[in-house]
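A.B. asks: For reference, the structure I am asking about is given below.
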Amino acid sequence: MPANFRFVRSVGILALALAPCISSVAWAQEPAPPSAEESPPPPDADAGAPAPTEPAGSAGDIATVPPQVLTSVPPVFPPSKLASGEHPTVVLKITVFADGTLGDIVIEHSAGPEFDDAATRALKLWTFVPARRAETAIASRVGVAVHFELPELGVHEVTAVTSSQEPVPHAHVDPPVGPRAAAPPAGVEPRLGAKAQVRGVTRSEQRGVNDVRIAGELLRAAPSQDGGDLLKRAPGMVVARIEGDAVAQRLMLRGFDADHGQDIELNVDGVPVNQPSHIHGQGYADLGFIIPETVRSLRVTEGVYDPRQGDFAVAGTVDFELGVEKRGIQLSSGYGSFHTFRELALFAPKGYSTDTFGAVVFKKTDGFGQNRASTSGAAVAQMGWDSGPLHLTLHASVHAARALTANVLRRDDIAAGRVRFHDVYPLATAENQNASTQRAQLSVNARYHGKGGENAELLAYVLLNSFRLQANYTGFTETSRRNPMWTGRGDLIEQLHESRTIGFKSRYRTEEIRPFSWSRVFLETGVSGRLDRIEQDQNIIQAPQNTTWDQRVDASITGVDVGGYLDLDIALVERVHLRGGVRADLLNYQIDDRLQNLIPAFRKEDYIPGYRRSAAGIAAGPRVVLEVEILRQLSAIAAYGEGYRSPMALLLDDGEPAPFTKVRSADVGLRHTLGVHDELELRASVYATRLDNDIAFDPREGRPHPVGPTRRNGFVLYGVTHPWPWLLGALSLTYVKATLDKPAFSTAEDPNPPFKKGQLLPYVPPVVIRADLSAERRLFDVTGYGVTGRMGAGYSYWSSRPLPFAERAAPVSLVDAEVAFTYRMFTGALSCFNMLDAQYAALELSYPSNWNPDGVSSRLPARHIMAGAPRSFFATLGVAL
């Protein structure tokens, strides 16, 4: 501590000595937002002087006091610029909330990405005393100039604040109430808002203990192969891409086997990714179109406690927030194991906001083992611009991929040497497994921020999706329903799905309402609508000619989801915050199921096959969160919510009044920050979730089927630490017990169902551990320019997973690591995935199958695996212009 004090004192003395030669230090601020009875202070003609304030009572105005810097940290001079001789000034505009926390940071005048990034990083470590009007703390919007001088001059930064007459653009201004709002107690620093923004969300956004925003620094701590890999940073999330680059990742969270997305609401800047009633899985969400370099942060909300959460928010919601902070042009080329190459081109025009960028990526690989080659590409273009208080964002993206897949292998065949762990069965029905996907998205988002603090948003989108899969899970067991004499041709399932979606979301949040002097209230209301038009087929085909020898699905579906919610955000007294409301959705379906009531060939025809039906119902429930601040850095949070999951439309009966699964969830826990600058943040919670009618994946049909009511009880421990500017780490430990409440019914087709009352739900690991660590520092100089190095690693552990029929899968431990360097405009990285070369099953299943075309099928279950990737390396070289 004495050394730090001497350093700060020395910098301060030198800054004061050189200040007259460099710049003057001045503050100007605009209170935001004034109430209806108040008028904003008139703009000052002199931009370098503080905004004028008037004595209380004059002209009906109230005296305002600008915000003050409580502690500041000098920026680090970019190592790559040491030999440039530059000493520029970066002008930024920041929001200081009424509790002293730092809000958004916008570059007003850029000095290049290296200086912009250094200035932004430094500002995130500053603390503030908020602005005040009379004795009330208020939010303010100020301009800050951060000046750089070469380190040998002994001066790192001088700040000046320019005048600003813009309203605070943040959607939620959440000032504390009570005497503490006016100024921090003597000797106590206000909270460091910047790091809270990195690790969590603003207080008015907080929905439950495990509601976090994971910033780009942490997302890129360990290497990722695609956008879906970024989800591994979420506490308790299991991610596995087991069917190739053209099929969505398999996801698990909070005891839910979400399959390809059925229990996790996934959005990209608010646009939904989940596809309802998808032929391959309810809520199917392929994240292959997301380019990792364009993801600015992840908002992860576990549980269903926010009225904004809609369909599929059973285990929680993840929103990918897009943006590119490093401006300019980035080009990179990579090559690695299994003849994998990846090409990326990204542009982010300087002088534009972070949500303006374009990117294209191409990837091709032979894949590990047999039958895993793939080719894919994605392009995205996005533009954001301001028009007064209105901010518009236009987004367009396309994605396409085709991949071969090895799918499943029986463990007894692997043990007997009939097939190797990463191979595919040497049969045409297995060698012809593949998938293809296409996706296009167009969206526009308009956000309005009024001078009184009120704000509104309107998001409209159009989605086009196409999917085709050929997969064999059972070998040779199927018999044609059309003609029972047709058998033994191989169970190669063909799934076809096409959907066209149009939808919108809109919300309005009022300015602050003061019903009493000791409380503050914000009211928000929102509406949403979505229409899906779906065509889907499922056939059994014979390879290699792909001749159809049985039809299982031929249907058209039209689905509509009309939603609305009301939400209150109430600050009570000094330390109590209540947020909550109610959400309701109308689900309506029209189904033309052309293969229901099928007439087999041996029966006399006396009707026309088909089953046309409709269903509708309303899903409604409360969502509420109570936060009590026990100490300045310790809060207790309790939450309860009721949500829903839409159904597989083909499972509905005509006139079914409740076509959804009801979800009830509760959390209680603590959030604690440690250190002067919140160098460590800890979260701990326990939770319980109940579903009235769950579904589980049935590999015999390749799609989910109902299993009855289920429950999950568990806990989450999560910590993030940033002890020094060059070191960042995160660790999560989750446990869950997921069980079936009632037994599944036996049928003539399935006399021995795999699900029993009280059993642990299959495929879900009870314990999940995730650790991420990243270190970045300047290493040495080459020809007068610094070389910066970075090392990052991610560790994942899944405990033994229960399987049907009392089986269990082996635990899995995986390590991914990366070393990277930056020299002037050049970058390089070497990534290693599955560093320990663990031979593991990304998914294990237990069910009857027969992979001998001349053998007799058995109803006895057998263990099947989908192999995970072995150790692989990938090297990347890039240039930033």
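The values are calculated or read from the model by the stated rules, or taken from the named source; none is laboratory data. None of these values were measured; they are calculated from a predicted model. Cβ placement follows ideal geometry from the backbone for every residue including glycine, while neighbour counts extend to all protein chains displayed. Heavy atoms of the whole protein, side chains included, go into the accessibility calculation; ligands, DNA and RNA do not. Shrake-Rupley method; radii C 1.70, N 1.55, O 1.52, S 1.80 Å.
A.B. asks: Taking the Cα-to-Cβ direction at Gln633 and at Leu390 and moving 7 Å from each Cα, how far apart do the two end points lie in nm?
C.D. replies: Here the modelled spin labels are 4.5 nm apart.
A.B. asks: Here's another thing I want to ask about it. Applying the Karplus parametrisation 6.51 cos²θ - 1.76 cosθ + 1.60 with θ = phi - 60° to the phi angles of segment 430-445, what ³J(HN,Hα) value in whole Hz is obtained for each residue in order, glycine and proline being reported as x?
C.D. replies: Coupling constants for segment 430-445: 9, 6, 9, 7, 6, 8, 9, 9, 9, 8, 9, 9, 9, 8, 9, 10 Hz.
A.B. asks: Kirkwood Rh over alpha-carbon pairs of segment 468-611, then Stokes-Einstein at 25 °C and 0.890 mPa s: what D in µm² s⁻¹, rounded to an integer? Before the final figure, lay out each step's value.
C.D. replies: On the way: Rh = 20.0 Å.
In µm²/s, the coefficient rounds to 123.
A.B. asks: Under the 0.36 nm per residue contour assumption, what length would be gained going from the current alpha-carbon distance of Ala416 and Ile608 to full extension? Could you put the intermediate results ahead of the total?
C.D. replies: On the way: separation 192, 0.36 × 192 = 69.12 nm, distance 4.92 nm.
Length gained between Ala416 and Ile608: 64.2 nm.
A.B. asks: Of the heavy-atom accessible surface of segment 781-881 (probe 1.4 angstrom), what whole percent is carbon and sulfur? Please list the in-between numbers first.
C.D. replies: Values: 2850 of 4530 Å².
Summing carbon and sulfur atoms, their accessible area is 63 percent of the total for segment 781-881.
A.B. asks: What full-extension length gain, to one decimal in nm, is calculated for Asn597 and Met791 as 0.36 nm per residue of separation minus the Cα-Cα distance? Don't skip to the end; give the middle numbers.
C.D. replies: Numbers: separation 194, 0.36 × 194 = 69.84 nm, distance 6.07 nm.
In short, 63.8 nm is gained.
A.B. asks: With a Förster radius of 56 Å, plug the Cβ-Cβ distance of Asp692 and Asp781 into 1/(1 + (r/R0)^6) and report the FRET value to the nearest 0.05. Kindly include the intermediate steps, with their values, before the conclusion.
C.D. replies: Details: r = 65 Å, r/R0 = 1.16.
Efficiency for this residue pair is about 0.30.
A.B. asks: I would also like to ask the following. Solvent-accessible area of Met835, probe 1.4 Å, all protein chains present, reported in Å² to the nearest ten, please.
C.D. replies: About 70 Å², rounded to the nearest 10.
A.B. asks: Explain nothing, just compute: Karplus ³J(HN,Hα) = 6.51 cos²θ - 1.76 cosθ + 1.60, θ = phi - 60°, for every residue of segment 207-224 in order, whole Hz, x for Gly and Pro.
C.D. replies: Those phi angles translate into 10, x, 5, 9, 10, 10, 10, 9, 7, x, 4, 6, 4, 9, 5, 10, x, 10 Hz.
A.B. asks: Can I ask one more? Can you compute the modelled spin-label distance between Val582 and Asn713, with each label point 7 Å from Cα toward Cβ, in nm?
C.D. replies: 3.0
A.B. asks: Rounded to the nearest 0.05, what FRET efficiency do Lys364 and Ser799 give with R0 = 41 Å and r taken as the Cβ-Cβ distance? Could you check?
C.D. replies: Values: r = 35 Å, r/R0 = 0.86.
Efficiency computed from Cβ-Cβ geometry: 0.70.
A.B. asks: I want to check the label-to-label distance for Ser506 and Ser519. Put each point 7 Å from Cα in the C-beta direction and report it in nm to one decimal.
C.D. replies: 3.0
A.B. asks: Pop out the Kirkwood hydrodynamic radius of segment 530-654 from its pairwise C-alpha distances, inverse of mean 1/r, in Å to one decimal. If you can, show how the numbers build up before the last one.
C.D. replies: Values: mean 1/r = 0.0527 Å⁻¹.
Every distinct Cα pair counted, the radius reaches 19.0 Å.
A.B. asks: Could you estimate the translational diffusion coefficient of segment 759-842 from the Stokes-Einstein equation, with Rh from the Kirkwood formula over C-alpha pairs, at 10 °C and 1.306 mPa s, in whole µm²/s?
C.D. replies: Details: Rh = 15.5 Å.
Rounded, D is 102 µm²/s.
A.B. asks: Label 7 Å along Cα→Cβ of Phe826; segment 334-364 residues with amide nitrogen under 15 Å?
C.D. replies: Answer for this model: none.
A.B. asks: What is the Cα centroid distance between segment 580-653 and segment 270-324, reported in whole angstrom?
C.D. replies: Segment 580-653 and segment 270-324 have Cα centres separated by 17 Å.
A.B. asks: Any idea of the accessible area per residue across segment 275-388, 1.4 Å probe, to the nearest Å²?
C.D. replies: On a per-residue basis, segment 275-388 sits at 33 Å².
A.B. asks: Looking at this model, which pairs from Lys81/Lys232; Lys232/Lys326; Lys505/Lys662 are more than 26 angstrom apart at the alpha-carbon? Can you show the working numbers first?
C.D. replies: On the way: Lys81/Lys232 35 Å; Lys232/Lys326 24 Å; Lys505/Lys662 22 Å.
Those over the limit are Lys81/Lys232.
A.B. asks: Explain nothing, just the number: dipole magnitude of segment 539-623 about its Cα centre with +1 on each Lys and Arg Cβ and -1 on each Asp and Glu Cβ, in debye rounded to the nearest 20. Walk me through the intermediate numbers first.
C.D. replies: Numbers: 10 positive and 11 negative charges, 33 e Å.
Dipole size: approximately 160 debye.
A.B. asks: Further question on the same structure: Using the crude model of +1 on Lys and Arg Cβ and -1 on Asp and Glu Cβ, and no other charge, please compute the dipole size for segment 582-625 relative to its Cα centre, in debye to 20. Present the calculation step by step, with values, prior to reporting the outcome.
C.D. replies: Details: 7 positive and 5 negative charges, 26 e Å.
So the dipole magnitude of segment 582-625 works out to roughly 120 debye.
A.B. asks: Could you work out how much longer the chain between Leu70 and Ser466 gets when fully extended? Use 0.36 nm per residue separation minus the Cα distance between them, nm to one decimal. It would help to have the intermediate numbers written out before the result.
C.D. replies: Details: separation 396, 0.36 × 396 = 142.56 nm, distance 5.51 nm.
Going from the current span to full extension adds 137.0 nm.
A.B. asks: How much of the pair distance distribution for segment 580-672 lies past 19 Å, counting alpha-carbon pairs only, in percent?
C.D. replies: Numbers: 2628 of 4278 pairs.
Tail fraction, whole percent: 61.
A.B. asks: Using only Cα positions of segment 794-881, each an equal point scatterer, no hydration layer, compute I(q)/I(0) via Debye at q = 0.18, 0.19 Å⁻¹ and quote the log10 values to two decimals.
C.D. replies: The Cα Debye sum returns log10 ratios of -0.86, -0.90.
A.B. asks: Magnitude of the Cβ-charge dipole of segment 429-492, K/R +1 and D/E -1, about the Cα centre, nearest 20 debye? Mind showing how you got there, number by number?
C.D. replies: Working: 7 positive and 5 negative charges, 32 e Å.
With Lys and Arg at +1 and Asp and Glu at -1, about 160 debye.
A.B. asks: Step through the residues of segment 361-370 one at a time and calculate ³J(HN,Hα) from phi using the Karplus curve (6.51 cos²θ - 1.76 cosθ + 1.60, θ = phi - 60°), rounding each to whole Hz and writing x for Gly and Pro.
C.D. replies: Listing the rounded values in order: 9, 10, 9, 9, 8, 7, x, 6, x, 9 Hz.
A.B. asks: For segment 413-503, would you read off the P(r) tail past 23 Å as a percentage of all alpha carbon pairs?
C.D. replies: Values: 2320 of 4095 pairs.
Result: 57 percent of Cα pairs exceed 23 Å.
A.B. asks: Find the Cα radius of gyration of segment 328-429, compare it with 2.2 N^0.38 Å by division, and give the number to two decimals.
C.D. replies: Values: Rg = 21.1 Å, N = 102, 2.2 N^0.38 = 12.8 Å.
This ratio for segment 328-429 stands at 1.66.
A.B. asks: For a Förster distance of 60 Å, can you work out the FRET efficiency between the beta-carbons of Arg871 and Glu574, rounded to the nearest 0.05? Provide the component values of the computation, followed by the final result.
C.D. replies: Values: r = 55 Å, r/R0 = 0.91.
Approximately 0.65, to the nearest 0.05.
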